[in-house]
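Data block below; observations after.
The values are calculated or read from the model by the stated rules, or taken from the named source; none is laboratory data. This structure is a prediction, so every number in the text was calculated from the model and none was measured. Every residue, glycine as well, gets a Cβ built from its backbone with ideal geometry; the counts of neighbours run over all protein chains shown.
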Amino acid sequence: MIKTKTRGNLVVISGPSGAGKGSVIQGVLQKYPHYWLSVSATSRPIRGNDIPDVTYYFISKEEFETKIEEGYFLEYTNYVGNYYGTPKEFIQQKLDEGIDVILEIEIEGASNIRKMLPDALCIFIMPPSLGELKRRLINRKTDSKEKIMGRFQTAYNEINEVTKYNYVIVNDVLEEAIEKVEAIVQAANCRVDRIEEIYINSLEEEMHEFLIDKEFDNEIKDIRKSEMK
Ligand code: 5GP
């Protein structure tokens, strides 16, 4: 009956540090095979739990600037003194293959994507409360008190940017947050603007004609009956 676009969705996910966006994304990737997570490039130094070419492509500031000039990035930003950017390569290809592409990027990058690609699904992951956010940041144990306070202040400021997004997910119960990402994407797949064609196949056409004929026959019979009375 209908033919819809098989194109994948571009899913942009942001949220303050401590909201748990990384866990939500990993959960989505593990549960649903139709997603692909884009790996960003960055000029920031490698940290303890980073895996080069998996968490990021680590390149120098100079390499990053050359790539900006070459038009290598779909979007990029300078965030707290370091460059971060989404390589264009693969994204178009994955979307054309019908794969849903996830970008985990900060607020400015998300806003640039939204301007360029208004169909992108921009999701903000929110912590359940400021108290819970503080508890999560403290529980990381890797940061100094000053760093925790800095992150808390940044997170507090970032939360006010939520209205720039299309969707918000409060990450209270992780499993539910994962399901909500999938629900947003499935809802996008049902949008009528994804319909490419509405058609009647030949079998349906035959049936239609058969029904019309039958109806017509009955009408004739009824008329004849009434005339005979
Ligand atoms: P981190 O240094 O903690 O890994 O990341 C810092 C921030 O940069 C996070 O908010 C993360 O979402 C964001 N980020 C990571 N990759 C990109 C990117 O390619 N583009 C933009 N705009 N932000 C990114």
Among the residues of the stretch 61-80, how many are of a type in the set (D, E, K, R), more than 9 Å from the ligand (Cβ to nearest atom) and within 15 Å of V39 (Cβ to Cβ)?
1
Of all residues in the stretch 32-61, which are over 25 Å from L137 (Cα atoms) and not in a strand (DSSP E or B)?
Y32, P33, H34, S38, D53, I59, S60, K61
Only one of I123, I148, I169, I107 is farther than 27 Å from R7 by Cβ, among the hydrophobic types (A, V, I, L, M, F, W, C) and touching a helix residue (DSSP H, G or I) at 6+ places or on another chain (Cβ under 9 Å). Can you tell me which?
I148
Residue list for the stretch 109-122, filter: over 13 Å from Y165 (Cβ atoms), within 16 Å of the ligand (Cβ to nearest atom) and touching a residue at least 24 places away in the same chain (Cβ under 8 Å):
N112, M116, L117
Testing D143 on (1) without any contact (Cβ under 8 Å) to a residue 24 or more places away in the chain; (2) within 16 Å of the ligand (Cβ to nearest atom); (3) in a helix (DSSP H, G or I), one condition comes back false. Which one is that?
(3)
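Rundown of residues vs (1) over 15 Å from the mean Cα position of the chain (by Cα); (2) assigned to a helix (DSSP H, G or I); (3) under 20 Å from G98 (Cβ atoms); (4) at pLDDT below 95, yes/no style:
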| site | (1), (2), (3), (4) |
| --- | --- |
| E158 | yes, yes, no, yes |
| I169 | no, no, no, no |
| E179 | no, yes, no, no |
| A188 | no, yes, yes, no |
| I200 | yes, no, no, yes |
Given the condition assigned to a strand (DSSP E or B) and either within 13 Å of the ligand (Cβ to nearest atom) or of a type in the set (A, V, I, L, M, F, W, C) (or both), answer yes or no: does some residue in the stretch 24-31 qualify?
no
Looking at E89, E62, which is the one that is at pLDDT 95 or above and surrounded by fewer than 18 Cβ atoms within 10 Å (Cβ to Cβ)?
E62
Restricting attention to the stretch 83-101, does a residue exist that is more than 21 Å from the chain's Cα centre (by Cα) and within 15 Å of the ligand (Cβ to nearest atom)?
yes
